[in-house]
Structures are given as structure tokens and as C-alpha cells.
Amino acid sequence: MNNTNFENEILSLISEKIEGPYWDFKRSWHTKDVDLLHDIICMANNLVSHDGYIIIGIDENNDFSPYSCKDDERKKNNNELVTFLRSKPFWGGLRPIVLVKTFYINSDEIDVLIIKNSMKTPFVLSENYPKDKNGKQLFAHHVYIRINDSNTPKNASADIDKVEYLWRKRLGIDMSVLAKLQIYLSKASDWIYNDELSFFYYKFDPLYIIKLNSLDYKRSEFYNKLYLKSEAFSWNDYQILYNNTVLYNGIMCFNNGGHELRSVPQSSLISIGENSLSYYYFIINSKEYYVDQIFKKQNKSKQDDPVYNSFLIHFDNEAEVTTFNSYLDNFMMEFIDEKQLPDSTYDQDFCLDQRENEKYIFAKQAKWIFDNKFSIHFK
């Protein structure tokens, strides 16, 4: 999620003027570590599978108006939050992932603790915290949760049905076939290739397979030829199946004389003067991206391929693609005319003809702009 969307979401929650199942308001940062830890654990164990938000700098008792936390001596940055959680006795060593983002409402500084949604629930302490019983305390093996707009009290534990839900979430029991697929695809090292039958299968649930088909598409792109000067390239299709039911179709290609299998990246066409050229990308967490990671795992020698890295862009989401397209439309010619692009982005490849080199050069330039210009303003 980019910063604009994130801020809009938080502003929308503030405007509702109520707390909810994954968000909470605080006027100031917590004065006691035990209270901060309690709130984080409850949010990490929320029952709606959403990132939890602790929004600091909002005064509930004053019509939910901003109360700047700029000068709050108790505020923590990301490194301090990591250190804070690392020192706490979490059962199994499993800790919530927590980030802090800051934005402004007019001149008032608002901090948002983002407790990332996780399948590692329930998050539980293995020892009482703090160990002494002076004042407030969290208890070992108690399951603290967020339900509706309330947290489990420190001296209590969640009802058994809520605890069961969190365990079912960890084990993926209630997830649909497609939801499980998204998780399984993200675990590239758990896919096993059967060379004889030309498919990958997920070793913990072999009903999920990625089948490589022999149907050829007589076409190629410049990146197929960066390793080998040849016209004998073709693309193939692959299918992701569950119990012989097709869940997804995609396109793959073999590079380097058939030695390197890759998922075909997506492309976006940009008008440059009288020409139209494309850049190439994956959206992180998309099926195409995950399948490419699985294929790369099979090609162990190409894990960090400098050739692909020189032009392939990785976006966070579709909205970022749209924003980047507009950015290139507005500024690409300016970068070219003012010679702001490094010489390396103009290097040609001997395997490519003139048109293919034009595509290669533009793709490298788009990648450089994304890394060195766009990301500074929009990441």
C-alpha cells in the first residue's frame, strides 16, 4: 500500500470516531511497556485477519481531534520497536511484526503502529511479563485478543472458540483452495520438480501442482536472447492445478538455450515521442511473481541474474503500476533530453538486432528511473 492510500485509510478510520476490531486510538504513546506489549499482542491476535493499527495522536475525549505526538518522549522508531519485542518472552520465539509510520494532519504529527497480519497466531508469552507482580502484569500462556473494539483484560484469557479460530488460522484449516494456493506459492523452496512428468508439486500438499505444457507459442522478447543469439525461441504455457482442476494459466519461457526457465513478465506500453516502447515487471505477491521465484529456485545458478535485474521492475501493487505509467508519460522525455540517464542504460547487446536493442535500452532506462527517481517520491 502506498503512503497516500495508507493515510486515506487511517483518516477514514479517524472520521468514524469509533474504535474497531483492528484499530485503536491513543492520545499519547504508552507510559508503561506492559501496556504497549498488551496492545500489540491483542492487535496481532485480531479476529478479522487484517493489519492492526494503533493510531497515536488522536484524543478520543476531545471529539477524536489530533493531539500531536511530535514531542512525545516515549515514542519509538522502527528499530526501537524491534528491540522492544525481541527482548520479550514470546512462546516459540514467534513475535508480531510491528512498524511505525508517521504522517501529519495539518501540523499535528500522528504515529501509527502497524501490526502486520500473520498466520503465526496465536502470539503468546512463555513467561509472565514483567516477572514481578508490582502493578500490571501479562501472564504466560494467556491468549490476549482484539474482539470488536476491546482487548482481553490482562488478567484473563480469550474464550476457547476464539483460541481455536487463531489456531485454525495458523494451520490454514478454514482457508479456501485459492487462499491456500497464494500461501503455498510464496514458499518457493517447498516446491519439488518432477523432471520425468514435467511438473512441480507442493511437498506438503501434492494435490497442488504447476504443470509445464508442451504447447508452443512461436514468439520471443529481447530478454530471451540476451544469453544466446538465436531465433529458435518459443513460449510455453503452464497451468496451476488442484486435484486436476485448473486454477490458473500462465506463460513461461526458456532462456539460455533452454537451460533457464522463467515466468514471462508483464509489460506496459509507454509512448515516447513517435515511438511506443514497453517496460517489464512483476507485481510482488502476484501468481506470476511467485511462479517465477519457483522457477528460479530450480535454476540455482541464476538466483540473482544480473541480466534480468538490469531491466525487470518489481511493483508492490497495480496502483503503483498506474502511478509509474503517469510518471513516465510526464517525465521520460525530460530525462532523455537532459541526459540524466547513466551511460550504462544505453549499452547494447550483441545478441540483439536494432529494434530489440531499442526495447532493451528503454526497459533498462525505465528500471533506472523507477529505482532512482520514482521510488524517492512515491515509496
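For the stretch 108-114, putting each phi into the Karplus relation 6.51 cos²θ - 1.76 cosθ + 1.60 with θ = phi - 60° gives couplings of 8, 7, 10, 9, 10, 7, 9 Hz, in residue order, rounded to whole numbers and with x for Gly and Pro. Take the Cβ atoms of Ser271 and Lys373, set R0 to 25 Å, and the FRET efficiency comes out at 0.85. Compared with the dominant Cα axis of the chain, that is its longest principal axis, helix 160-171 is turned about 20°.
Under a Gaussian network description of the chain, with springs only between Cα atoms under 10 Å, the residue in Gly92, Gly52, Gly20 that fluctuates furthest is Gly92.
So what is the diffusion coefficient of the stretch 271-379 in µm² per second by Stokes-Einstein at 20 °C and 1.002 mPa s, using a Kirkwood Rh over Cα pairs? If you can, show how the numbers build up before the last one.
Values: Rh = 15.0 Å.
After rounding, the answer is 143 µm²/s.
Taking only C-alpha pairs under 8 Å that are 6+ residues apart, what is the relative contact order of the chain in percent? Answer for the chain is 11 percent.
Backbone amide hydrogens, once placed in the peptide plane, bring Arg146 within less than 5 Å of Asn45, Asn46, Leu47, excluding anything fewer than 5 places away on its chain.
Using only alpha carbon pairs under 8 Å that are at least six residues apart, calculate the relative contact order of the stretch 191-339 and give it in whole percent.
15 percent
For Tyr217, the residues whose modelled amide H falls within less than 5 Å of its own, excluding neighbours fewer than 5 places apart on the same chain, are Trp235, Asn236. FRET efficiency for the Glu80 to Lys136 pair, using the beta carbon distance and R₀ = 25 Å, is estimated at 0.75. Less than 5 angstrom separates the built amide H of Ile283 from those of Tyr289, Phe315, all sequence-distant by 5 or more or on a different chain. Taking loop as defined by DSSP and a crowding limit of 16 other beta carbons within 10 Å, which GluC sites (Glu not before Pro) in the stretch 204-281 fit? Sparse-neighbourhood loop GluC sites (Glu not before Pro): Glu231, Glu274.
Please work out how much length the chain gains when fully extended from Glu338 to Thr4, using 0.36 nm per residue of separation minus the C-alpha to C-alpha distance, in nm with one decimal.
Numbers: separation 334, 0.36 × 334 = 120.24 nm, distance 2.97 nm.
Gain in length upon complete extension: 117.3 nm.
Note on the stretch 16-66: with neighbouring protein chains present and a 1.4 Å probe, carbon and sulfur make up 43 percent of its accessible heavy-atom surface. Normalising the average separation of contacting C-alpha pairs (under 8 angstrom, six or more residues apart) by the number of residues puts the relative contact order of the stretch 117-199 at 24 percent.
Taking a 1.4 Å probe, which of Lys367, Lys359, Lys203 shows the most accessible area, and what order do the others take after it?
On the way: Lys367 35, Lys359 65, Lys203 90 Å².
Largest accessible area first, the list is Lys203, Lys359, Lys367.
Scan [x] 21.5; [y] 24.2; [z] 25.8 for the value of Kirkwood radius over Cα pairs in Å calculated from this model and give just the label. Label of the calculated value: [y].
For the residue pair Asp33 and Met175, what label-to-label distance in nm results when each label sits 7 Å from Cα along the Cα-to-beta-carbon direction? The answer from the label model is 3.4 nm.
Which whole-number value in Å² is the accessible area per residue of the chain, probe 1.4 Å? Write down the numbers at each step before the final one.
Details: 19380 Å² over 379 residues.
On a per-residue basis, the chain sits at 51 Å².
Atom-type composition of the exposed protein surface of the stretch 239-294 places 40 percent of the accessible area on carbon and sulfur (1.4 angstrom probe). Among Glu60, Glu16, Glu127, the largest mean-square fluctuation in a Gaussian network model of the chain (Cα springs under 10 Å) belongs to Glu16. Backbone N atoms of the stretch 29-53 closer than 15 Å to the 7 Å Cα→Cβ label point of Asn62 belong to residues 29. Exposure check, 1.4 Å probe, all protein chains in place: Arg27 carries approximately 110 Å² of accessible surface.
Rounded to the nearest 10 square angstrom, Met332 shows an accessible area of 0 square angstrom against a 1.4 Å probe. Here Arg355 sits with roughly 100 square angstrom of accessible surface, probe radius 1.4 Å. Modelled this way, with points 7 Å down the Cα-to-C-beta line, the labels at Ser230 and Leu11 are 5.5 nm from one another. Once each of the chymotrypsin sites (Phe, Trp or Tyr not before Pro) sitting in a DSSP loop with at most 14 other beta-carbon atoms within 10 Å is removed, the chain keeps 1-203 as its longest stretch.
So what is the diffusion coefficient of the stretch 17-62 in µm² per second by Stokes-Einstein at 25 °C and 0.890 mPa s, using a Kirkwood Rh over Cα pairs? Walk me through the numbers before you get to the answer.
Details: Rh = 11.1 Å.
Rounded to a whole number, D works out at 220 µm²/s.
The phi-based Karplus calculation (6.51 cos²θ - 1.76 cosθ + 1.60; θ = phi - 60°) puts the 3J(HN,Hα) values of the stretch 73-86 at 5, 9, 5, 10, 8, 4, 5, 5, 5, 4, 5, 4, 6, 4 Hz, whole numbers, x for Gly and Pro.
The values are calculated or read from the model by the stated rules, or taken from the named source; none is laboratory data. Only a predicted model underlies this, so the values are computations on that prediction, with no experimental measurement involved. Neighbour counts are summed over all protein chains in view; Cβ atoms, including those assigned to glycine, are modelled from backbone coordinates with ideal geometry. These area figures cover heavy atoms from the full protein model, side chains too; ligands, DNA and RNA do not enter into them. Shrake-Rupley method; radii C 1.70, N 1.55, O 1.52, S 1.80 Å.
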